[in-house]
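The values are calculated or read from the model by the stated rules, or taken from the named source; none is laboratory data. The model shown is predicted, which means the values in this text are computed figures rather than measured ones. Every residue, glycine as well, gets a Cβ built from its backbone with ideal geometry; the counts of neighbours run over all protein chains shown.
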There are 2 protein chains.
Amino acid sequence: MIKVGIIGYGNLGRGVERALKQNKDMELVGVFTRRAPETVTTEGASAYTMEDLTAYQDKIDVCILCGGSATDLPIQTPELTHLFNTVDSFDTHAKIPEHFANVDKVAKENQTVSIISTGWDPGLFSLNRLYAQSILPNGETYTFWGKGVSQGHSDALRRIAGVADATQYTIPNTEIIERLKAGEKLTLTTRDKHLRECFVVLEENADAEKIKEEIVTMPNYFADYDTEVHFISQEELNHDHKAMPHGGTVLHTGTTHENTKQVIEYNLYLDSNPEFTASVLVAYARACARLANEQTFGAYTVLDIAPKYLSPISDEELRKELL
Amino acid sequence: MIKVGIIGYGNLGRGVERALKQNKDMELVGVFTRRAPETVTTEGASAYTMEDLTAYQDKIDVCILCGGSATDLPIQTPELTHLFNTVDSFDTHAKIPEHFANVDKVAKENQTVSIISTGWDPGLFSLNRLYAQSILPNGETYTFWGKGVSQGHSDALRRIAGVADATQYTIPNTEIIERLKAGEKLTLTTRDKHLRECFVVLEENADAEKIKEEIVTMPNYFADYDTEVHFISQEELNHDHKAMPHGGTVLHTGTTHENTKQVIEYNLYLDSNPEFTASVLVAYARACARLANEQTFGAYTVLDIAPKYLSPISDEELRKELL
């Protein structure tokens, strides 16, 4: 059995707890949290403080880090990798090389293994970009996100004065995807690829027109997109827009000779973004435990890890059943 | 530069020659054939006899084997792996464990590396089955093939008395795929998953009705499917049905908690099956050369190989650009 600790218990941590129940070769030791453990309602797991964690060094094979990329993981992953094998879903794309270097140094010095930036993007989408580009070097890769809830854009809406609550959906332009699949060569702007749909609850007496204008012109978040804004009640938002679906597409179109078109398409349709990300973390926690057993210490990303390490099934069975 | 030899020069061998031109870190040494080399029209490569091959032991890093799975590869891959690192696309699913064991023994004894059963199924589809099942263990995987030409079924048609020529398309049931993606639980028969469409040229005075009956009732090939038969002229067949498109879908539907559905879908749309398979062989030839450099001798399948080995780009660049 691979013994796992969950570090941080929000939506992602709860997703890991659920995913572990589906993996019979893995066992949850406990949830470690910065909150008072008695205030954390898990789905069965024991909750401990972060200070308790050190005492579990010999009882945990892998820590799955479920904090955020902005402030938690850049500190936590290197810190915990001193004592534990770790897996995280660090997703600030531009800072991955720096994060990798920090964690790799700690892992090599302390003979641990860390797999960073798992999840689906970075993660499974990265894998698909790599496979596709390696196989069809004469081609173009396009990544589309959604339909799904963007937490960052929803937060941006909620920071606007007069907005009580909001949910933002990122919506891929499926017509563009179909045209690319059909072989059209397109130069795409940000506006071409995705639409943004906002469901906004106003505070009493808020000026809807002014807020709408503020949304659609907001730099970085909305100005470069076609943005739809719907004002709805809190009840409707709670009823219809509090789930966390997401997904997306990695599309690679290439030619192998003259006009011989070849298309590789990878799609995710996720009812729950955090639960799916958690499931990827758990599969890579298995790989992490194995790499640690093989004493190949250091930091890894999904690009470095042979697919078979993710599966509980023996190499012989995999060759027989899946090839 | 990775120096490559092509063993066998049919559609697949020509595809490898074309793919190598798209990969600037690879260099084609020559084509080795059982035919008289002067009768082989390549797209620029020198052609040699199979007897010449031994003399090239120090001039070739990887041999890409482009023979058939029925009779060529079970003999050739073990034989050539005595002297060379090898890559093949052995695709008789049931015999992969035996082929792997044969090749692994030779590779370990002779300090070579062989990657067997690359291509797309087995190959990329196997990878997708493995990733999906490892991430969503509580789920079902479905593989659909087509729309594309099945060489085996086309051959079966051509063996019928009175048939001059024929092409058979395997067509996936897209309605079933959509229902599965929408979350329906279906128990599927062979007939539910694929249709078979046959374009047949009759010999003079052949009995069309009798031949149609013979086709749709042919055991193993057509009897278990809904099969459409179209009789057309040789001119029309040559004009419209001599390309080799193919493709397919690996669909995995799972739940992470109660009714929380998660769907992973991988699609290939290929104008040329042999050229795409060749492109996969070439990417794995790169991996093969690297594993040989690392002196990790033995046989491998796509499941054993870290994705980064397929790319000519450095690990640092991959982390920066693709994650």
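Values computed for the structure shown
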| quantity | calculated |
| --- | --- |
| Matching option when the condition is of a type in the set (Val, Ile, Thr), closer than 26 Å to B:Phe144 by Cα and in a helix (DSSP H, G or I), among B:Ile211, B:Ile177 | B:Ile177 |
| Boolean, A:Lys185 is of a type in the set (D, E, K, R) and under 28 Å from A:Phe32 (Cβ atoms) | no |
| Subset of the stretch A:306-323 (residues that are surrounded by 22 or more Cβ atoms within 10 Å (Cβ to Cβ), within 21 Å of B:Leu318 (Cβ to Cβ) and of a type in the set (A, V, I, L, M)) | A:Leu310 |
| Where a residue in the stretch B:1-29 is away from chain A (no Cβ under 14 Å) and surrounded by fewer than 23 Cβ atoms within 10 Å (Cβ to Cβ) and its partner, wherever it lies, is of a type in the set (Ser, Thr, Tyr) and assigned to a helix (DSSP H, G or I), with Cβ under 8 Å and at least six apart | B:Val29/B:Tyr56 |
| Output for the stretch B:285-323, where each listed residue is outside any loop (DSSP other than H, G, I, E, B), more than 20 Å from A:Gly298 (Cβ to Cβ) and not small (Gly, Ala, Ser) | B:Arg286, B:Cys288, B:Tyr300, B:Val302, B:Leu303, B:Leu310, B:Glu321 |
| Whichever residue in the stretch A:257-273 is in a strand (DSSP E or B) and within 13 Å of the chain's Cα centre (by Cα) and, among such residues, is farthest from A:Val149 (Cα to Cα) | A:Leu268 |
| Residue satisfying condition, being in a strand (DSSP E or B) and either over 30 Å from A:Ala306 (Cβ atoms) or without any contact (Cβ under 8 Å) to a residue 24 or more places away in the chain (or both), within set A:Leu195, A:Leu157 | A:Leu195 |
| Candidates A:Ile6, A:Ile75, filtered to the one that is within 19 Å of the chain's Cα centre (by Cα), at pLDDT 95 or above and in a helix (DSSP H, G or I) | A:Ile75 |
| Residue within the stretch A:266-278 that is without any contact (Cβ under 8 Å) to a residue 24 or more places away in the chain and within 21 Å of A:Leu130 (Cβ to Cβ) present | yes |
| Test set (1) within 14 Å of chain B (Cβ to nearest Cβ); (2) out of contact with any strand residue (DSSP E or B) (no Cβ under 8 Å at 6 or more places or on another chain); (3) assigned to a loop (DSSP other than H, G, I, E, B) - A:Asn220 fails condition number | (1) |
| Some residue of the stretch A:131-140 being within 14 Å of another protein chain (Cβ to nearest Cβ), in a strand (DSSP E or B) and under 30 Å from A:Tyr300 (Cα atoms) | yes |
| Selected residue (criterion: surrounded by the fewest Cβ atoms within 10 Å (Cβ to Cβ)) from residues of the stretch A:176-216 that are within 14 Å of A:Asp226 (Cα to Cα) and among the basic types (Lys, Arg) | A:Arg191 |
| Test: residue in the stretch A:42-59 that is more than 13 Å from chain B (Cβ to nearest Cβ), touching a residue at least 40 places away in the same chain (Cβ under 8 Å) and not in a helix (DSSP H, G or I) | yes |
| A:Ala299 vs. criteria of a type in the set (A, V, I, L, M, F, W, C), in contact with a Leu (Cβ under 6 Å, 6 or more places away or on another chain) and more than 7 Å from chain B (Cβ to nearest Cβ) | no |
| Whichever residue in the stretch A:225-278 is more than 30 Å from B:Ala19 (Cβ to Cβ), among the polar types (S, T, N, Q) and surrounded by 19 or more Cβ atoms within 10 Å (Cβ to Cβ) and, among such residues, is nearest to the other protein chains (Cβ to nearest Cβ) | A:Ser272 |
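Okay, residues lined up against (1) crowded, with 16+ Cβ neighbours inside 10 Å; (2) modelled with pLDDT of 95 or more; (3) under 30 Å from B:Glu316 (Cβ atoms):
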| position | (1), (2), (3) |
| --- | --- |
| A:Glu43 | no, yes, no |
| A:Lys59 | no, yes, no |
| A:Ser89 | yes, yes, yes |
| A:Ile96 | yes, yes, yes |
| A:Gln111 | no, yes, yes |
